[in-house]
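Trainee: Let me begin by handing over the structure; questions about it come next.
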Amino acid sequence: MSIRFSEETLFPMRPYMDAALVLVAEHRDDGLVGALIAYPPVNVAENVVAAMREQGSGEEEQSRILLSIGMFLTRVKAVAVAEPSRSRTIGGSLLKRCRQVYAQCGYRRTYGAMPSTPGLEEFYRKAAFDVYDHGRPLDLTTMLGTPTFVTPDAGERIFTRDLT
């Protein structure tokens with residue numbers, strides 16, 4: 001059996017594929033010193049659409065939500081900075097550029113989840129993110145017009161920033 005993907009079958013996921021962002025920081029003497037990965041959160045969209053399906057919502061409403069999440073919400077999946085370069089504001093600069101790129105493209109919010117590693121809360125607060133208490137979900141209901149929450153995994157905390 002072969003599966004063929006056409007422009008029509010990929011359209012709902014197109015914003016997700018097109019909007020992935022990888023940033024790197026390079027030093028002329030030290031080489032690669034930092035990186036960031038961000039993208040619209042496919043898993044959030046899939047969960048919301050699945051819940052909507054269970055509640056009997058129509059395909060048009062499901063498509064609207066799928067496209068809204070893919071075009072308005074982004075997740076910072078990883079920020080990494082080489083140990084010797086951590087005091088040089090490289091991580092903060094990567095986050096700033098990430099916010100600038102997504103804001104310029106019309107995204108409304110960026111978020112991520114962080115483990116309870118010492119120093120991370122301060123790092124994200126210095127980068128102008130709100131850091132939530134343990135277990136507090138990110139409420140996207142107002143942005144999407146349907147009850148939508150992103151809950152952190154056990155031991156993680158959400159960090160978020162409005163881009164508008």
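Trainee: Can you give me the orientation-averaged projected area of the convex hull built on the Cα atoms of the chain, in nm²?
Mentor: The number I arrive at for the chain is 12.4 nm².
Trainee: Whole-Hz ³J(HN,Hα) for each residue in region 53-62, computed from phi via Karplus 6.51 cos²θ - 1.76 cosθ + 1.60 with θ = phi - 60°, x for glycine and proline: what do you get?
Mentor: 4, 4, 7, x, 6, x, 4, 5, 5, 4
Trainee: What 222 nm value per residue comes from the helices of the chain, counting each DSSP H run with n ≥ 4 as -39,500 (n - 2.57) and dividing by all residues, nearest 500 deg cm²/dmol?
Mentor: -10500 deg cm²/dmol
Trainee: I've got another one for you. Taking 0.36 nm per residue of sequence separation and subtracting the Cα-Cα distance, how much length would be gained by fully extending the chain between Ala78 and Glu26, in nm to one decimal?
Mentor: Taking 0.36 nm per residue and subtracting the Cα distance, the gain is 17.0 nm.
Trainee: Rounded to the nearest percent, how much of the accessible area of the chain (1.4 Å probe, protein heavy atoms only) is carbon and sulfur?
Mentor: 51 percent
Trainee: So how tilted is helix 90-104 from the main axis of the chain? Cα-based, degrees 0 to 90, rounded to 10.
Mentor: With both axes taken from Cα atoms, the answer is about 30 degrees.
Trainee: Still on this structure, please answer the following. Full extension from Glu121 to Met17: what is 0.36 nm times the residue separation minus their Cα-Cα distance, to one decimal in nm?
Mentor: Extra length available between Glu121 and Met17 comes to 34.5 nm.
Trainee: Keeping all protein chains in place, calculate the accessible area per residue for the chain (probe 1.4 angstrom), answer in Å². Could the numbers behind the result be given before it?
Mentor: Working: 10020 Å² over 164 residues.
Per-residue accessible area for the chain comes out at 61 Å².
Trainee: For Glu59 and His134, FRET efficiency with R0 = 41 Å and r from the beta-carbon atoms, rounded to 0.05?
Mentor: Working: r = 37 Å, r/R0 = 0.91.
Once rounded, the FRET efficiency stands at 0.65.
The values are calculated or read from the model by the stated rules, or taken from the named source; none is laboratory data. Since the structure is predicted, the reported quantities are computational estimates derived from the model, not experimental observations. Neighbour counts run over all protein chains shown; Cβ positions are idealised from the backbone, glycine included. Keep in mind that these areas ignore ligands, DNA and RNA; they rest on the heavy atoms of the full protein, side chains included. Shrake-Rupley method; radii C 1.70, N 1.55, O 1.52, S 1.80 Å.
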